[in-house]
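A.B. asks: So that we are looking at the same thing, I have put the structure below in C-alpha cells.
The values are calculated or read from the model by the stated rules, or taken from the named source; none is laboratory data. On a predicted model such as this, the values are computed, not experimentally measured, just so you know. All Cβ positions, even for glycine, are placed from backbone atoms using ideal geometry, and neighbour counts span all protein chains on display. These area figures cover heavy atoms from the full protein model, side chains too; ligands, DNA and RNA do not enter into them. Shrake-Rupley method; radii C 1.70, N 1.55, O 1.52, S 1.80 Å.
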Amino acid sequence: MEMQRSPSTLEIGMVSTSHEKPNHSQRVRNKISQFEDPFSSEHEPRLIYINDPNRTNDRYEFTGNEIRTSKYTLITFLPKNLFIQFHRLAYVYFLVIAALNQLPPLAVFGRTASLFPLLFVLFVTAIKDGYEDWRRHRSDRNENNREALVLQHGDFQLKKWKNICAGEVVKIHANETMPCDMVLLCTSDPNGIAYIQTMNLDGESNLKTRYARQETTSMVCDDSYSGLIKCEQPNRNIYEFTATMELNNQRVPLGQSNIVLRGCQLKNTEWIIGVVVYAGQETKAMLNSTISPSKSSNLESYMNRETLWLSAFLLITCSVVAAGMGVWLFKNSKNLDALPYYRRKYFTFGRENRKDFKFYGIALEIFFSFLSSVIIFQIMIPISLYITMELVRVGQSYFMIGDTRMYDSNSGSRFQCRSLNINEDLGQIRYIFSDKTGTLTQNKMEFQQASIFGKNYGSSLQVTSDFSHEIRTTESLRQSSRKSKINVDSALMALLNQPLINEERLAAHDFFLTLAACNTVIPVSTQSTHDLTNEVDEIGAIDYQGESPDEQALVTAASAYGYTLVERTTGHIVIDVLGERLRLDVLGLHEFDSVRKRMSVVVRFPDNNVKVLVKGADTSMLSILKVEIGDGLYDSLQAKIKEATEGHLSGYSSEGLRTLVIGSKNLTDAEFIEWQERYEEASTSMHERSAKLRQAAGLVECNLTLLGATGIEDKLQDGVPEAIESLRQAGIKVWVLTGDKQETAISIGLSCRLLTQSMHSIIINGSSESECRRLLADAKDKFGIKSADFRRDPEGAQDLYNGDISKLRSSNGHMSGSATQNFELTGVVAGDKSEYSEKVTNFDSTELALIIDGSSLVYILEKDLESELFDLATSCKVVICCRVAPLQKAGIVDLIKSRTSDMTLAIGDGANDVSMIQMADVGVGICGQEGRQAVMASDFAMGQFRFLKRLLLVHGHWNYQRIAYMILYNFYRNAVFVLMLFCINRLE
C-alpha cells in the first residue's frame with residue numbers, strides 16, 4: 001500500500017464490459033460510486049442536541065441503533081430464496097422437465113420421481129441459505145442486546161444497544177466496543193487522548209489516536225451536558241468527518257480525529273464519554289457492510305453456453321424421434337385399432353368394453369412423442385453436475401488451505417480461500433496487476449540515508465552486532481540506555497553535538513525537529529505508567545503508534561539521533577532534544593492529502609517564534625522552495641543546496657529508497673495572522689472544508705527553506721524475483737501499479753527481475769492531452785506497433801500474449817546488438833526530442849517495457865486515448881504505472897478486462913488496492929503491515945507475494961484441469977447414455 005491513502009477505497013460495484021471509449025470515465029465512476037459518498041453541500045447538516053435525544057429526533061427522521069444483516073424473514077424466505085436459486089438457467093430447464101412429466105400423456109417417469117432431483121437440490125440449497133441466515137439473525141440478536149452505559153436521569157445506566165438513540169451520551173470503558181458512531185467529549189487521559197483499534201472496521205491492527213476537544217472537558221467535569229453539533233449526513237467514508245460544535249456561543253471544529261466509529265474497540269484508555277451522532281444502519285460501519293460483488297467463474301459461463309448448445313442438440317434429437325413417430329403412425333394409421341396402446345376402443349369383457357381409448361390424433365401424438373423424448377433425454381444436461389462441482393471446489397479449497405508451502409511463519413497467516421466459485425480461474429490468469437509497497441516489498445520502513453544542507457549522510461553508518469547504536473551525548477547521560485534500530489552516521493552525530501551556531505547546524509536541528517514533530521505519531525510508554533513527561537530516566541521505553549510506517553520510521557530515526565518525541569496532544573508537542581525538553585505549541589496541522597502531497601505543522605517555540613515545518617514528495621516540495629533572498633536577489637546558497645539535494649534524491653531513488661523532502665519557514669506576524677484567520681474559518685466550515693484547508697495551507701507552504709531529504713528503504717519480500725521470473729516463463733504478464741515515484745519503481749522493477757537490462761524502455765510522462773497523444777503515437781510509430789484492428793487477426797493476436805512484437809512491426813533490417821544492452825530511462829520521454837529524431841528501422845525480437853505516470857493516465861483514461869494506450873501496453877512485456885491513484889488502478893485493470901477475454905488477477909495489501917482487487921476477475925489480498933482491508937475485499941488471501949507462484953502454477957493448474965476433466969466426463973457420460981437410448985428408441 002502506498003503512503004497516500006484514498007478515503008474512497010471501500011466498496012466497488014460490478015464490472016462493466018462496455019467498449020465505448022468516450023464514456024470510459026463515466027463508466028469507471030459508476031463502478032466506484034458505491035464507495036464514494038462525500039458530504040454534499042446540497043444536503044442540510046444533521047443537528048444533534050447533546051443529551052437531548054427527543055429534540056434531536058423530534059421529526060422521527062433518524063433510525064434507531066438496531067441493526068439487521070440478515071437476508072430473509074419467515075415470510076420472505078421461500079419466495080426470495082427460490083427466486084435467487086432460479087437465476088441458474090439449468091434449474092429453469094429442470095423445472096420445465098418436471099412440469100412436463102406431471103401431464104398424464106407425458107408421464108414417462110413417476111411424477112414424484114421426476115420432481116425429486118430438483119426438489120432435493122433446491123431443498124439442500126435452501127437449508128444451507130436458511131442456516132446461514134439464521135446465524136445472521138442470531139448474530140444480530142446478540143449484537144442488538146448488548147448493553148452500554150448511557151446517561152439517564154443524571155446517571156450512567158445500562159441500556160441495550162438497540163435502544164440507544166442519536167443525541168444520547170454514552171460511556172465506554174477499556175476493551176469495550178463502540179455501539180454507534182460518537183463524537184468524543186472527554187477521556188480518562190488529561191490531554192483528551194483515546195486509543196482505539198479499528199480491526200473490526202477496516203482490519204488494521206495498529207492503534208489509532210482520537211482526541212476530545214479541550215472545550216468539552218469542562219462540560220463533563222461540571223456534569224452539564226449541553227450543546228449543538230452540526231454534522232454531515234450519514235455516508236460510508238470512514239476516513240473523513242465534517243462537523244462543528246456550538247458550545248457557549250463558540251464554534252468548535254470537529255474532524256476525523258474527534259469521532260469514534262461503531263465496531264472499534266477502546267484500548268490503553270480507561271474510559272471515554274461521547275455523544276451519539278449516527279446510530280444503527282446509518283453508522284459508517286453498517287454503510288460499509290455491503291458484500292463484495294460476487295464473481296462468477298469463467299468456466300461456469302462456458303458451461304452456460306454449452307448448456308444452450310446441448311439444449312439445441314436435445315431438441316434436434318427429440319425432433320428426429322417425433323418425426324420417426326409420425327412416419328410410423330402414418331404407415332400404421334389403418335391398423336391402429338389392432339395395435340396395442342393405439343386401439344381407439346377397448347374390445348374386452350366387462351365395464352371397459354367398447355370404451356374409447358385415450359388417442360388424441362396423429363398430430364398430438366407426434367407432439368406428445370416429442371415432449372416425451374425431451375423427458376427421456378433430459379439427462380443430456382446433468383443436474384448432478386452442479387452439486388458435484390460444488391463438492392469438488394470444497395475439496396480444492398481444502399487442499400489450498402492445507403498447503404504448508406503457502407504458510408507464512410513470520411505473520412502466522414495461512415492461505416485463505418474466501419470465494420469457492422472461482423477456484424478454476426486461478427489456472428487461466430494471463431495478466432497480474434500488483435501493488436508495490438507491502439506487496440512486492442515488506443513495508444517495513446528503515447531509515448537509511450539523509451541529505452542535510454546539501455550533504456549526504458548514511459554512507460558511513462556505524463553498525464554493531466545487534467544492528468543498533470547506543471546514543472550517548474555530553475548534554476545528557478539519561479539517554480545512555482536508549483537504543484534504536486537505526487544505524488546512525490558518525491559524521492552526522494558529530495554535527496548534532498556541535499553548538500547551535502552555524503547555518504548547517506541550525507539546518508540539521510530544524511531537520512530533525514521536523515521529523516519528530518510533523519506527523520501524527522503518538523508516543524506510548526511501554527512501562528506501567530503512561531506519564532511520559534516524567535519518565536526522565538526511561539526515555540528508551542517508548543513505543544510509537546502511527547497509521548503510516550513511513551512516519552514511524554522517521555520518528556524512530558529522529559529519536560536515534562537524539563530528537564525523541566515523548567508527548568503529543570492536540571495543543572502541544574514535547575521533544576527531548578539531546579537531553580533537554582523542548583515544548584512546542586501546535587497552532588495548526590495540515591495533514592497529508594493526495595492533492596498537495598505534503599504535510600505541515602505550524603508550531604510556536606518557547607521564544608514565541610512561529611515556524612511552519614513541512615515534509616512531502618519531491619514533486620510537490622521543490623516547486624515551493626525559496627529562490628530569492630529579497631529585493632529580487634537570487635539566493636545562490638539555496639540554489640546550490642537544492643541542486644545537491646536533487647542529486648541525492650536521484651541517487652536514493654535509483655537505490656529503490658522512498659524519498660521525502662524536508663523544509664521549514666519562519667512566519668512573520670502578518671503571515672501568521674492571515675493564516676490563522678483562514679485556518680479557523682476553514683476548520684469550522686461545513687462545506688468544502690478540505691478545499692478551504694488546502695487554500696489555507698498554501699498561505700504558509702510557500703517560499704520554504706530547504707533543509708534536506710530522507711531515504712527510507714522498503715526491502716523486497718523473500719522470493720519475489722524468483723516468483724516473477726517463473727510467472728513470466730509461464731506466459732503471464734506482470735504489471736506494477738504503484739504510487740511511488742518513477743525512479744523508485746524502476747529500481748524495484750530491476751531488483752525483482754521484472755525489468756531486465758536487455759529491455760528497451762518507453763516512458764510516457766505527459767502534462768497535457770495533446771502531449772500524451774503525441775507520445776503514444778511516436779512510441780507506436782517508432783516500434784512499428786499496429787492498431788487494435790490489426791490485432792484482431794489471429795496470427796498477430798497470438799504473438800500479443802508473449803510480448804513478442806516481431807510480427808507487429810516492419811522487418812526492413814536488423815537491429816544492432818548494442819542498442820539494447822542497457823535499460824535506458826530515455827526511451828520516449830516528454831520533452832526529449834533526440835529519441836524522436838533518431839529513426840530506428842527495426843526492433844525485431846526486442847522486449848519492451850512501458851513506464852507511465854499518473855499524470856499521463858489522467859489525460860489518457862479520461863480522454864479518447866484508451867485504444868492507443870491499449871495497443872502500446874499489450875505490446876510490451878512489462879508495464880509499470882507510477883504515481884497512480886486507486887481509481888486509476890481500477891481503470892488500468894478495466895482497460896484490459898473490457899477489451900480482451902484474458903483473465904486478470906490483482907494483488908495488493910492496503911485499502912487503496914481494494915478497487916483494483918474487486919475490479920479484476922480474481923482478487924488476492926496480502927496480510928501485510930497496512931491492515932487487512934484488502935484481505936476482506938479479496939477472493940483469496942495469503943501472507944507473501946511468492947506464494948502466488950504456487951497458487952497459480954500448481955493449484956490453479958490442478959484446479960482448472962481437474963474440474964474441466966470432470967465436466968467433460970459428465971457431459972460425455974450423459975451424451976453416451978442419451979445416444980444409446982436414442983438408438984434403442986429408433987430400433988424399436
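A.B. asks: Using the heavy atoms of the protein chains and a 1.4 angstrom probe, tell me the accessible area per residue for the stretch 852-943 in square angstrom.
C.D. replies: Values: 1600 Å² over 92 residues.
Computed with neighbouring chains in place, this is 17 Å² per residue.
A.B. asks: If I take the Cα coordinates of the stretch 623-733 and project them onto the principal axes, what are the three extents in Å, biggest first?
C.D. replies: 64, 44, 20
A.B. asks: While we're here: So for Glu132, Glu44, Glu66, Glu215, what's the accessible-area order with a 1.4 Å probe, most first?
C.D. replies: Working: Glu132 80, Glu44 135, Glu66 110, Glu215 55 Å².
Heavy-atom accessible area, descending, gives Glu44, Glu66, Glu132, Glu215.
A.B. asks: Here is a follow-up. May I ask you to evaluate 6.51 cos²θ - 1.76 cosθ + 1.60, the Karplus curve with θ = phi - 60°, for each residue of the stretch 442-455 and list the ³J(HN,Hα) values in order in whole Hz, giving x for glycine and proline?
C.D. replies: Result, rounded to whole Hz: 7, 6, 10, 6, 10, 5, 10, 9, 8, 10, 10, 6, x, 10.
A.B. asks: So which of Lys877/Lys949; Lys444/Lys640; Lys597/Lys877; Lys733/Lys780 end up more than 29 Å apart, counting from Cα to Cα?
C.D. replies: Details: Lys877/Lys949 18 Å; Lys444/Lys640 33 Å; Lys597/Lys877 31 Å; Lys733/Lys780 20 Å.
In this structure, Lys444/Lys640; Lys597/Lys877 lie more than 29 Å apart at Cα.
A.B. asks: Provide the packing ranking of 709-715, 949-955, i.e. peptides ordered by the mean count of other C-beta atoms within 10 Å per residue, highest first.
C.D. replies: 709-715, 949-955
A.B. asks: What are the residues whose amide H is under 5 Å from the amide H of Asp853, where those residues sit 5 or more places off or on another chain and H is modelled from the backbone?
C.D. replies: Under 5 Å from the amide H of Asp853: Ile764, Gly766, Cys882.
A.B. asks: I've got another one for you. When the chain is fully extended, how far beyond the present Cα-Cα distance does Ser901 get from Arg962, taking 0.36 nm per residue of separation? Before the final figure, lay out the partial values.
C.D. replies: Working: separation 61, 0.36 × 61 = 21.96 nm, distance 2.19 nm.
Length gained between Ser901 and Arg962: 19.8 nm.
A.B. asks: Follow-up. Give the long-range amide H neighbours of Leu660: residues separated by 5 or more places, or on another chain, with amide H under 5 Å away, using H modelled in the peptide plane at 1.01 Å from N.
C.D. replies: For Leu660, whose amide H was placed from the backbone, the distant partners under 5 Å are Thr710.
A.B. asks: Report Rg (one decimal) and Dmax (nearest whole number) for the stretch 139-223, counting Cα atoms only, units Å.
C.D. replies: Looking at the stretch 139-223, its Cα Rg and Dmax stand at 13.8, 39 Å.
A.B. asks: Using 0.36 nm per residue, how much length does the chain from Ile501 to Glu44 gain when fully extended, once their Cα-Cα distance is taken away?
C.D. replies: On the way: separation 457, 0.36 × 457 = 164.52 nm, distance 5.60 nm.
Once the chain is fully extended between Ile501 and Glu44, it gains 158.9 nm.
A.B. asks: Now for a different question. Highest mean first, how do 883-896, 755-768 rank when packing is the count of other Cβ atoms within 10 Å averaged over residues? Numbers along the way, then the final one.
C.D. replies: On the way: 883-896: 25.5, 755-768: 19.6.
My ranking of the peptides, most packed first, is 883-896, 755-768.
A.B. asks: Further question on the same structure: Please list, in order along the stretch 78-86, the HN-Hα scalar couplings obtained from phi with the Karplus expression 6.51 cos²θ - 1.76 cosθ + 1.60 (θ = phi - 60°), rounded to whole Hz, x for Gly and Pro.
C.D. replies: Going residue by residue, I get 4, x, 5, 5, 5, 4, 5, 5, 7 Hz, with x marking Gly and Pro.
A.B. asks: Further, regarding this structure: Distances over 18 Å make up what percent of all Cα-Cα pairs in the stretch 551-648? It would help to have the intermediate numbers written out before the result.
C.D. replies: Numbers: 2910 of 4753 pairs.
Pairs farther apart than 18 Å: 61 percent.
A.B. asks: Taking the Cβ of Met406 as the centre, find all other residues whose Cβ is under 14 Å away and add up their charges (Lys, Arg: +1; Asp, Glu: -1).
C.D. replies: Values: positive: Arg405, Arg414, Arg946, Lys949, Arg950; negative: Asp403, Asp408, Asp718.
With Lys, Arg at +1 and Asp, Glu at -1, the net is +2.
A.B. asks: Here is a further query. For the stretch 271-281, just list the computed ³J(HN,Hα) in residue order, Karplus coefficients 6.51, -1.76 and 1.60, θ = phi - 60°, integers in Hz, with x standing in for Gly and Pro.
C.D. replies: Listing the rounded values in order: 7, 9, 10, x, 10, 6, 10, 10, 9, x, 5 Hz.
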